Amino acid sequence: MEALLPLLLLIAAQDILTGVFGAPSIVATIIASQAMEPRRAILLSTIAQLIGPLLFGVAVAAAVGKEVVDSNGLTINMLSAALVSTVFWMLFAWYTRIPSSSTHALIGGLVGAVLAGLGPSAIHSGGLLKMILSLTLTATLGIVCGYAIARLCYLFTQAASHRANNLFNKGQLITAIFLGFAVGSSNAQNAMGITTLSLLVAGVITKFEVPPWVIIGSAVCLALGNLIGGTRLIKTMGRDFFQVRPLHGFSAEVSSTFIILCSSVLGGDVSTTHVTSMSIIGAGSAEGVSMVRWSFVQRVLLTWLLTIPATAVFAATVYFVMRHILLMAA
């Protein structure tokens, strides 16, 4: 039980950092398009992320905790190595202002630590493949949906005056709330899944069922992270892709909300950062390919490809170091 407390603190840190990343996912476009001033937007997203995890079940948490690795033989040290790797990568991504995926980092860290401790047989290849496909396809779908919705908006407002911007700004207030619910539900379930898995490994619970206090705690940590962080990445998400206008913001938010909510209910894990990023790209591309700053997009995609292998290698290294230190201490 004593070893469990540091691990729970690591999970809380991971969840708070996820909130830091979740803030720009929700409010970047609404701020960049000047639909709402930053402080009010961050407060709105904080409340939405606090409520979201309570609304849409724990299907993703079950997928994270049960479908990727075998809990038999899993130890607190392996989970700790996975969380150390995840937190380190998220801090690195935050410092470099790259909208990296906390979900990618967590999955990579978990796989790397388990490979180091138990070998390939402890990895559920089917569950891992499902997770990677879900992460990849939903991000790609963000581009398609963002583009399609933006084109529809252009079609319906091609004869409208500049007052249409006011309509899209008002629409963003509504879509931002639902996007906050969606992002909160999806992101908090990563922490729920790894926390419940930790309780199972420590013998606190006997089967994988997410306790109510874990749901509430994950929601609070996520909302806290949203409130205290995100300012650096808000600039990245809202401006570095292209100059976001109200129509782009509305289109991207509708696209992201639809994809994330559907995935959350169906149990498919997603990177909310990448879904929202790709939705913004899709919305910008609808006006013209030249609108998007593709050099920055390339950096985001490179980070996307590197995250899982990088965190896996780092988690394995941390586990081997921890095991060596424990053997020397014994």
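The values are calculated or read from the model by the stated rules, or taken from the named source; none is laboratory data. Bear in mind the structure is a predicted one, so any value in this text is a computation, not a measurement. Using ideal geometry, Cβ is built from the backbone for each residue, glycine included, and neighbour counts are taken over all protein chains shown.
Kindly evaluate Thr136 against the criterion of being surrounded by fewer than 24 Cβ atoms within 10 Å (Cβ to Cβ), part of a helix (DSSP H, G or I), in contact (Cβ under 8 Å) with a residue 24 or more places away in the chain and of a type in the set (Val, Ile, Thr).
Numbers: surrounded by fewer than 24 Cβ atoms within 10 Å (Cβ to Cβ): yes; part of a helix (DSSP H, G or I): yes; in contact (Cβ under 8 Å) with a residue 24 or more places away in the chain: no; of a type in the set (Val, Ile, Thr): yes.
When the stated conditions are applied, Thr136 does not pass them.
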Unmet criterion (only one of (1) modelled with pLDDT under 85; (2) farther than 13 Å from Thr195 by Cα; (3) surrounded by fewer than 18 Cβ atoms within 10 Å (Cβ to Cβ)) for Lys66: (2)
Among the candidates Leu83, Leu141, residue that is closer than 23 Å to Ala182 by Cα and within 18 Å of the chain's Cα centre (by Cα): Leu141
Selected residue [in contact with a Leu (Cβ under 7 Å, 6 or more places away or on another chain), closer than 28 Å to Arg39 by Cβ and either modelled with pLDDT under 85 or not in a helix (DSSP H, G or I) (or both)] from Asn226, Asn187: Asn187
Among (1) surrounded by fewer than 16 Cβ atoms within 10 Å (Cβ to Cβ); (2) over 22 Å from the mean Cα position of the chain (by Cα); (3) in contact (Cβ under 8 Å) with a residue 12 or more places away in the chain - the single one Leu155 does not satisfy: (3)
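State yes or no: is Gly127 surrounded by fewer than 20 Cβ atoms within 10 Å (Cβ to Cβ), under 22 Å from the mean Cα position of the chain (by Cα), within 21 Å of Ala188 (Cβ to Cβ) and not charged (D, E, K, R)?
Numbers: surrounded by fewer than 20 Cβ atoms within 10 Å (Cβ to Cβ): yes; under 22 Å from the mean Cα position of the chain (by Cα): yes; within 21 Å of Ala188 (Cβ to Cβ): yes; not charged (D, E, K, R): yes.
The answer is yes for Gly127.
On the basis of being closer than 26 Å to Leu326 by Cβ and either more than 16 Å from the chain's Cα centre (by Cα) or crowded, with 16+ Cβ neighbours inside 10 Å (or both), does Leu110 make the cut? Even if it seems obvious, please write down each step before you answer.
On the way: closer than 26 Å to Leu326 by Cβ: yes; either more than 16 Å from the chain's Cα centre (by Cα) or crowded, with 16+ Cβ neighbours inside 10 Å (or both): yes.
Here the answer is yes, as Leu110 does meet what is asked.
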